[in-house]
Amino acid sequence: MRDRSAGHRALSHAALSWLAYDWERVGDPTTRPRWPFKVYLPRSTEEVVRAVREAAAAGERLIVRGSGHSSNGLVTAEGGAVLLTELMDRVVEIDERAGTCTMQAGVRLGDVDRRLAERGLGLKVVGDHGDLTAGGFASVGGISPASHRFGLFADTVSELEYVDFAGEVHRCGRTDPAFRRVLAGLGRHGVITELTVEVLRIDKRRTLLRNDRIVTGKLPEFLAKAAEMVVSPGQAWYARAFWIDLGKAGCGQISRYHPAAERADRVVRSRLARGCQRAIGAATAFLPRSAAAVAKYAGVAAMVLPPVYTTADRVERFADELADATVGAPTRMFITIAPAEAAAEVARGMLDACAAARRAGAIGPLTLYFKPIRSAYLSGDRDGVRHAEITVTATVDPARMTERVLSTVVERIDDVALAHGAFRYLHTRTGSDPHRRRRLDPNARYGDEESGPEARWLA
């Protein structure tokens, strides 16, 4: 296995042992490994067909795995069979006239964006982590600070190829009923093998942006301003809001990024900010572990006061580059996708769901992160419907964050989402009840009951 991970110091995607774990290990380093018995490493669609048919003939449940960025029991298979897309990493074609890029499902999106940059192009939606795979990102939906313009990553997919669990190959586009069922379907309906994705003309490294930011130390004001941003992001190229809650104090910022005319002083300020950002990221990667943890918290603090001038690539990778989740105190992430009009109430409810665990010392400092979304996939093609991704990232004490405490927090967050008609981002921890999970699943309107809500997962 090849290590192409970007900035996750404490976890190596290249280590064989990583196949026994998922992102759950970031929240609990003592998590028990779940070793697969069999691992398939296909390089092509034909080899995926062979693997699927072999597993089916043996009566085995086949788990499909990209880079393992999930914490909901989706990509590990104790004693079972795992299909790893690691070697399906080719960029098949870049069609500049059509404005598309065709890629295999296992390619890392950071690698794709670098290839596109050589031609003055870029992905419309790309995750905070450069090592997310195309198939994994599409199978959970995929959200970025540009999702109010372009929707989910799944919305930018124009064509896909997949292998169903009978071993048959299918190619489909947006008019095919199977298209949206497979996208954001968590691998329940087949193995995505190839995707064609829309791209745009942009030089992300040189496109200068101005951050029109609002900073506040009052949570009610932050929630009101963040909700306003979700409903009306305006003409911003990127938009997000970030709050750090230390318990007795907190601070947050709401950022809208607009194109800025290139001037020497602005370029210098942007480059200085880039240098500081890289220095903090390098500190978490190369300093001794205790010092790296301090650097991580410096990075979190820097997220509250992002630079006024920056470039598009820095906006997209800002959070991951500044604060490596695998360094320092263990963290757990809980994500909802809320209707825009309920964003503030859902965020407040998520904080309340963590309150008892905070009082018990199981949860320490935490952050709230908003990204506005306008997605045909989420809205069912209804005009004027907007959503918000709301992420709570909590530092935890694994000794006190027992399974019982964690399950209570998760169930309460599920309750909040259900009460407000929100979805959960299902690659993060949710309750196990299949009927509740189906109500929280944005793919449910496109899926069917044949595969079953717990059939197969991909992330």
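In the list PRO42, PRO29, which residue meets the criterion of being at pLDDT 85 or above and within 30 Å of GLU403 (Cα to Cα)?
PRO29
Being assigned to a loop (DSSP other than H, G, I, E, B) and among the β-branched types (Val, Ile, Thr) is the filter; apply it to the range 76-86 and report the residue that is nearest to LEU121 (Cα to Cα). My answer is THR85.
Based on what the data block shows, is ALA134 modelled with pLDDT of 95 or more, under 19 Å from VAL48 (Cβ atoms) and not aromatic (Phe, Trp, Tyr)? Yes, satisfied.
Could you list all residues from the range 117-129 that are within 21 Å of ILE373 (Cβ to Cβ) and of a type outside the set (Lys, Arg)? Step through it out loud before you land on a result.
Of all residues in the range 117-129, those within 21 Å of ILE373 (Cβ to Cβ) come to 122-129.
Listed by number, the residues that qualify are GLY122, LEU123, VAL125, VAL126, GLY127, ASP128, HIS129.
With the requirement that a residue be basic (Lys, Arg) and either buried (at least 20 other Cβ atoms within 10 Å of the Cβ) or in a loop (DSSP other than H, G, I, E, B) (or both), what does the range 26-38 give you?
Scanning the range 26-38 gives ARG32, ARG34.
THR216 meets all of the listed conditions (1) among the hydroxyl-bearing types (Ser, Thr, Tyr); (2) over 23 Å from the mean Cα position of the chain (by Cα); (3) buried (at least 23 other Cβ atoms within 10 Å of the Cβ) but one, namely (3).
Within the range 133-159, the set of residues being in a strand (DSSP E or B) and surrounded by 24 or more Cβ atoms within 10 Å (Cβ to Cβ) comprises THR133, VAL157.
Taking the conditions exactly as written (part of a loop (DSSP other than H, G, I, E, B), surrounded by fewer than 24 Cβ atoms within 10 Å (Cβ to Cβ) and under 19 Å from the mean Cα position of the chain (by Cα)), does GLY130 satisfy them or not?
Working: part of a loop (DSSP other than H, G, I, E, B): yes; surrounded by fewer than 24 Cβ atoms within 10 Å (Cβ to Cβ): yes; under 19 Å from the mean Cα position of the chain (by Cα): yes.
Criteria met by GLY130.
Picking from residues in the range 427-459 that are modelled with pLDDT under 90 and of a type in the set (A, V, I, L, M, F, W, C), the one that is surrounded by the fewest Cβ atoms within 10 Å (Cβ to Cβ) is ALA455.
Taken over the range 344-376, the residue count meeting the criterion of being closer than 15 Å to GLU411 by Cβ and basic (Lys, Arg) is 0. On the basis of being assigned to a helix (DSSP H, G or I), surrounded by fewer than 21 Cβ atoms within 10 Å (Cβ to Cβ) and modelled with pLDDT of 95 or more, does ASP89 make the cut? Against the criterion (assigned to a helix (DSSP H, G or I), surrounded by fewer than 21 Cβ atoms within 10 Å (Cβ to Cβ) and modelled with pLDDT of 95 or more), ASP89 does not qualify. Screening ALA51 against (1) small (Gly, Ala, Ser); (2) crowded, with 16+ Cβ neighbours inside 10 Å; (3) part of a loop (DSSP other than H, G, I, E, B) leaves a single unmet condition, (3).
The values are calculated or read from the model by the stated rules, or taken from the named source; none is laboratory data. All values reported here derive from a predicted model rather than from experimental measurement. Using ideal geometry, Cβ is built from the backbone for each residue, glycine included, and neighbour counts are taken over all protein chains shown.
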